[in-house]
Amino acid sequence: MQDYGGPVGFRMALAHAERVEALIVQDAVGHNEGLGANWKTRRAFWAIALLMKSTLRTNLLSLQTTRTRHVGSDPNVERYDPDLWTDEFAFLSQPGQADIQSDLFYELPHERRCLSKVAAWMREKQPRLLVLWGKYELSFEPSNRKA
């Protein structure tokens, strides 16, 4: 599971727990506490989504935000191939992507409601787990990096 796929994968695990042998999670969160300060603006968006939708699109789909998703807070930006974010930005700029991406983003609060069930399931079942995390990942609080 990775990023937006994290909540989807956790829902699948809850629905078919008997099929889960192990979990591999990269830069995704399995509990509400992991959504740190970076989510303050996003929570505001969810509260007044229709009013903020154009602001979200401008921010979420900008070249700067796309670049930040790849480099995070890494001070050594020169180590990254700029094609990483320019290719993604070109994809996000295609017709229809603004609607798709903002719809995915708006769906996250629904996914967050499942996180307490995920946390309880993980405590009870204790599946084998591999968690990979980007050192400069900005979306989640470092002190709350739990799967």
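Exactly one condition in (1) within 17 Å of the chain's Cα centre (by Cα); (2) open to solvent by 70 Å² or more (accessible area, probe 1.4 Å) is not met by D81; state its number.
(1)
Looking at this structure, is S73 under 28 Å from V118 (Cβ atoms), in contact with a Lys or Arg (Cβ under 7 Å, 6 or more places away or on another chain) and among the hydroxyl-bearing types (S, T, Y)?
Working: under 28 Å from V118 (Cβ atoms): yes; in contact with a Lys or Arg (Cβ under 7 Å, 6 or more places away or on another chain): no; among the hydroxyl-bearing types (S, T, Y): yes.
No; evaluated as a whole, the condition is false for this residue.
Taking the range 26-37 as the region of interest, how many residues are modelled with pLDDT of 70 or more, polar (S, T, N, Q) and either loosely packed, with under 15 Cβ neighbours inside 10 Å or closer than 23 Å to S102 by Cβ (or both)?
0
Which pairs do you get when a residue that is exposed (fewer than 12 other Cβ atoms within 10 Å of the Cβ), found in the range 1-25, comes within reach of a residue that is not in a helix (DSSP H, G or I), reach meaning Cβ atoms under 8 angstrom, with the pair 6+ apart or on two chains?
E21/P127; E21/R128; A22/P127; A22/R128; A22/L129; A22/L130
Identify the single condition in (1) at pLDDT 85 or above; (2) assigned to a helix (DSSP H, G or I) that P7 does not satisfy, given that it satisfies every other one.
Result: P7 passes all but (1).
The values are calculated or read from the model by the stated rules, or taken from the named source; none is laboratory data. These figures come from a predicted structure and were not determined experimentally. Counting neighbours? That spans all protein chains shown, and the Cβs are built from the backbone with ideal geometry, glycine included. Calculation scope for accessible area: heavy atoms of the full protein, side chains included, ligands and nucleic acids excluded. Shrake-Rupley method; radii C 1.70, N 1.55, O 1.52, S 1.80 Å.
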